[in-house]
Amino acid sequence: MNLKRVVVTGMGALTPIGNNVQEYWQGLSAGVSGAAPITKFDASKFKTRFACEVKNFNIDQHLDRRESKRLDWYAQYAYVVATEAMQDAGLDLEKLNKDRIGIIWASGIGGLRTFEDEVKYYAKGDGTPRFNPFFIPKMIANMASGYISIRYGLRGLNFTTVSACASSNNAFIDAFNYIRLGRANIIISGGSEAAVTEAGMGGFSVMKAMSERNDDPATASRPFDKDRDGFVLGEGGACLILEDYEHAKARGAKIYAELIGGGLSADAYHISAPHPEGIGVKLVIEDALQDSGVSVDQIDYINVHGTSTPIGDPQEVKAIQAVFGEAAYKLNISSTKSMTGHLLGAAGAIEAVASILAMQHQMVPPTINHFTDDEAFDPRLNFTFNKAQKRTINYIMSNGFGFGGHNSSVIFKKFED
């Protein structure tokens, strides 16, 4: 079978360090931290009282009140970034076949705030089951993709991937495969998450997964630092317009990068902890390289999962060194979660945008908040600590791993006609 090439023709982003793609890159390249005390609810009694929230966001600038009230925050974020990406790609829907435009979205949790609000409201009552008729449609994780298709009349394939923090990369891999098999011309793909709620913060806190550095939130996300104490929860979303190369060329689209492959694996080990030897991560990296037809010597930069947890960071690095060998010392490695926090199911989406921007600008965004070297990590590895670094970037790998042992990895290539 003659497989089609898949290119990126548009991007959208709403993150804790920038509310569109341009602002996001400015934050990334400058090493800005998005962590600050929580504003969405009173967190004074919580063990962790800070997060990486989206800032200065007003849905009324994008949707009328009647529409926005029917959407959970995560779906609002999805609509905004999908719209930015579609505009960036120059999609004239009146001239395109809407039957051949699909949506594959990702969210690890979906409408958590909606669920939380409805249950609280019910609990305050007399036991009579009174719920908002939009409760279920707002809460379910597939409503973001459903709403985007309804809003724009897109009748192609439409579904949502859920694999915890690997979800967005799973969505990209699915979109990649459907396009290269000729099942769609364009797929709007990405992820969004809005878990900075009382339930979200409380649930992750009791697992002892999050940083408790309440005295200094801005430096709390410290991937690969000796004193890292957990991840910082983030929110927002991002979107890529993935398109059949010939279709993009025919309509004169600008092309940011080419998606050339992806890998999937499972740890088959534990519901939340990664395999101590990084076996699943090693497998997914190898799978992504094989699918892409790329050698370890060709990868220039890895945007790692790098959540800033004591057990997670070393396993990923072990796997990278096991696969790349001596080539690992020629790589740039960085964790943009040090700036954005961890967006769970949307992490892969914002990190894919970060990776493509890094390729576009030939600059690796930094791993900020590094203060103390950890002897667990080989000092010959380049973690791009604290400051962005210029370098030639032709191939990028972006990793994402999730609770349940889900592993995913995608590889982007600098576009060449």
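The values are calculated or read from the model by the stated rules, or taken from the named source; none is laboratory data. The structure displayed is predicted, hence computed values, not measured ones. Every residue, glycine as well, gets a Cβ built from its backbone with ideal geometry; the counts of neighbours run over all protein chains shown. In case anyone asks, the SASA skips ligands and DNA or RNA and just uses the protein heavy atoms, side chains included. Shrake-Rupley method; radii C 1.70, N 1.55, O 1.52, S 1.80 Å.
Put Phe224, Phe134 in order of accessible area, largest first, 1.4 Å probe: what do you get?
Sorted by accessible area, descending: Phe134, Phe224.
If each DSSP helix of 4+ residues adds -39,500 (n - 2.57) and the sum is divided by the residues in the chain, what number results at 222 nm, nearest 500 deg cm²/dmol?
Counting only the DSSP helices, I get -9500 deg cm²/dmol.
Pick from Asp99, Asp126, Asp215: which is most flexible by mean-square fluctuation in a GNM of the chain where alpha carbon atoms under 10 Å apart are linked?
Asp126
For the chain, with a Gaussian network of springs between Cα atoms less than 10 Å apart, report the residue from Gly312, Gly200, Gly345 with the top mean-square fluctuation.
Its mean-square fluctuation being the largest, the pick is Gly200.
Probe of 1.4 angstrom, ligands and nucleic acids ignored: what's the accessible area per residue over the chain, in square angstrom?
So the chain comes to 39 Å² accessible per residue, rounded to a whole number.
Would you mind telling me the share, in percent, of accessible area of the range 1-55 contributed by carbon and sulfur at probe 1.4 angstrom?
49
What does the charge add up to near Ala347, with Lys and Arg as +1, Asp and Glu as -1, over the other residues with Cβ less than 12 Å from its Cβ?
-2
Quick check on the range 323-408: take the gyration tensor over C-alpha atoms, sort the square-rooted eigenvalues as a ≥ b ≥ c, and tell me if it's rounded (a/c under 1.5), prolate or oblate.
rounded
Once you place label points 7 Å from the Cα toward the Cβ at Asp126 and His62, how far apart are they in nm?
Here the modelled spin labels are 4.1 nm apart.
Using only protein heavy atoms and a 1.4 Å probe, report how much of Tyr147 is accessible, in Å² to the nearest 10.
20
Using DSSP, restrict attention to beta bridges with both residues in the chain and report what percent are antiparallel, rounded to the nearest 5.
If we restrict to bridges inside the chain, about 65 percent are antiparallel.
Which of the lysines could a cross-linker span from Lys387 if the Cα-Cα distance has to be under 22 Å and same-chain partners fewer than 8 positions apart are dropped?
Lys226, Lys330, Lys337
What lysines sit close enough to Lys120 to cross-link, taking a C-alpha to C-alpha distance under 29 Å and skipping anything fewer than 8 places away on the same chain?
Partners found: Lys40, Lys45, Lys47, Lys55, Lys69, Lys138, Lys208.
Could you go through the range 17-25 in sequence order and give the Karplus-derived ³J(HN,Hα) for each residue, using 6.51 cos²θ - 1.76 cosθ + 1.60 with θ = phi - 60°, rounded to whole Hz, and x for Gly and Pro?
Coupling constants for the range 17-25: 10, x, 9, 7, 4, 4, 4, 4, 5 Hz.
Straight-line reach from Lys95: which lysines fall under 21 Å, measuring Cα to Cα and dropping same-chain residues less than 8 apart?
Lys249, Lys254
Under 8 Å for C-alpha pairs, at least 6 residues apart: give me the relative contact order for the chain, rounded to a whole percent.
Over the chain, the number comes to 24 percent.
If I compute solvent accessible area with a 1.4 Å probe over the protein chains, what percent of it on the range 169-271 is carbon and sulfur?
Carbon and sulfur together cover 50 percent of it.
Not counting ligands, DNA or RNA, and with a 1.4 Å probe, what is Lys282's accessible surface area in Å² rounded to the nearest 10?
70
Hey, in the GNM for the chain with a 10 angstrom Cα cutoff, which one of Met339, Met207, Met359 fluctuates hardest?
Most flexible of the set in this elastic network: Met207.
Given a 1.4 Å probe and the protein chains all in place, what does the accessible area of Asp374 round to, in Å² to the nearest 10?
Here the accessible area works out near 20 Å².
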